[in-house]
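Written out below as structure tokens is the structure these notes cover.
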Amino acid sequence: MYSRQINFWILMSLTGLLACSPLRVFAVELEGYTEPYRTIRVATDETGVIDQIFVREGEAVPQGTPLVRLNNDVFQSLLAVAEQNMNARGRLESARAELELKSERLKILQSLREEGNARQEEVDRARYENAVAKANVQTVQEELLSRKLEYQKIKTQIDRRTIRAPISGVVSLIHKEQGEFVAPNSPETMTLVQLDQLLAYFTLTSQQAAQLHINDKINISFKHNQTSTEGTIEYISPVTDAQSGTVLVKIRIDNQKGDFRSGERCTIQLES
């Protein structure tokens, strides 16, 4: 009887401890990898032979930096002709002088007509010639404007033949060398990567992905150098891959100091 009472109280004590103790939550470690925040295959819609390459592989370049220049000798010749035509003022000065002469003649005839010393036909003829002279001046001005636009067009074409960095980044690969031809079916000249930020890619189960939200902060560890940093969840795939049953998650990592490399393995921890 006494032994049964002891067993009863031991059982009750264990039951109370289990009821009062919090449930243990186990964390699972998930592995992913880093990639550049952006990878751009820098291309051009211009065609021609590469005249000069201004950068080297591995070089950091600010946005707008010249990367490659295509040969533009023909365009430079066209630009010189267009500039000369744009600055040609002989026809305009001649048209203006003609207009001034016709205007003065019209004034004289109008004055004589008022005095009765000129026929109306002469005045009408002078008025017509004055109108024609005005139209000639306008025609020449419009032609000069057209020449100016042609000059600007060629200048823009020349500028487009210098390919510039679309973003600030690092030249990871140069696809063509000096002297090679850039064609419509092969317009890429080099690959530029943005490394001041990285994206860490993880494939999670649907249950694990449900724990995360866009803009959440999460700790990311790097095994190769035993360091960690805080990342921001930037993307959670809205669909689950039918074959693997996983969800793609991208986490943005600030890398302004260049502490982390693209392609490194990294881990996060989530509740199991």
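The values are calculated or read from the model by the stated rules, or taken from the named source; none is laboratory data. All of these numbers come straight from a predicted model, not from anything done at the bench. Positions of Cβ are generated from backbone atoms using ideal geometry, with glycine treated the same way; all protein chains shown enter the neighbour counts.
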Residue check: is V171 over 22 Å from M86 (Cβ atoms), touching a Leu at 6+ places or on another chain (Cβ under 7 Å), of a type outside the set (S, T, N, Q) and crowded, with 17+ Cβ neighbours inside 10 Å?
-> yes
- [ ] Inspect all residues belonging to region 175-193 and state whether any of them is in contact (Cβ under 8 Å) with a residue 40 or more places away in the chain and farther than 30 Å from T162 by Cβ.
- [x] no
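If you take the residues of region 184-231 that are hydroxyl-bearing (S, T, Y) and farther than 13 Å from E264 by Cβ, which of them is surrounded by the most Cβ atoms within 10 Å (Cβ to Cβ)? Spell out the reasoning first.
So in region 184-231, the residues hydroxyl-bearing (S, T, Y) come out as 186, 189, 191, 201, 203, 205-206, 221, 227-229.
Subset that is farther than 13 Å from E264 by Cβ: 186, 189, 191, 203, 205-206.
Details: S186: 13, T189: 21, T191: 18, T203: 17, T205: 15, S206: 10.
Only one residue tops the list, namely T189.
Give region 45-68 a look and list any residue that's under 22 Å from N185 (Cα atoms) and either surrounded by fewer than 18 Cβ atoms within 10 Å (Cβ to Cβ) or at pLDDT below 95 (or both), or say none.
First pass over region 45-68, keeping only residues under 22 Å from N185 (Cα atoms): 45-53, 67-68.
D45, E46, T47, G48, V49, D51, Q52, listed by residue number.
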Picking from T227, T240, T232, the residue that is more than 18 Å from T34 (Cα to Cα) and not hydrophobic (A, V, I, L, M, F, W, C) would be T240
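May I ask you to list the residues in region 243-272 that are out of contact with any Asp or Glu (no Cβ under 7 Å at 6 or more places or on another chain), assigned to a loop (DSSP other than H, G, I, E, B), among the polar types (S, T, N, Q) and closer than 15 Å to G32 by Cβ? Before you say what the answer is, go through the steps one by one.
Just the residues of region 243-272 that are out of contact with any Asp or Glu (no Cβ under 7 Å at 6 or more places or on another chain), to begin with: 243-249, 253-254, 257-261, 263-264, 266, 268, 270-272.
Adding the requirement that they be assigned to a loop (DSSP other than H, G, I, E, B) leaves 243-245, 257-261, 263-264, 272.
Imposing the further condition that a residue be among the polar types (S, T, N, Q) reduces the set to 243-244, 272.
Across region 243-272, the qualifying residue is only S244.
Please work out if L92 is under 30 Å from R161 (Cβ atoms) and either free of Cβ contacts under 8 Å to residues at least 60 places away in the same chain or assigned to a helix (DSSP H, G or I) (or both).
On the way: under 30 Å from R161 (Cβ atoms): no; either free of Cβ contacts under 8 Å to residues at least 60 places away in the same chain or assigned to a helix (DSSP H, G or I) (or both): yes.
No; evaluated as a whole, the condition is false for this residue.
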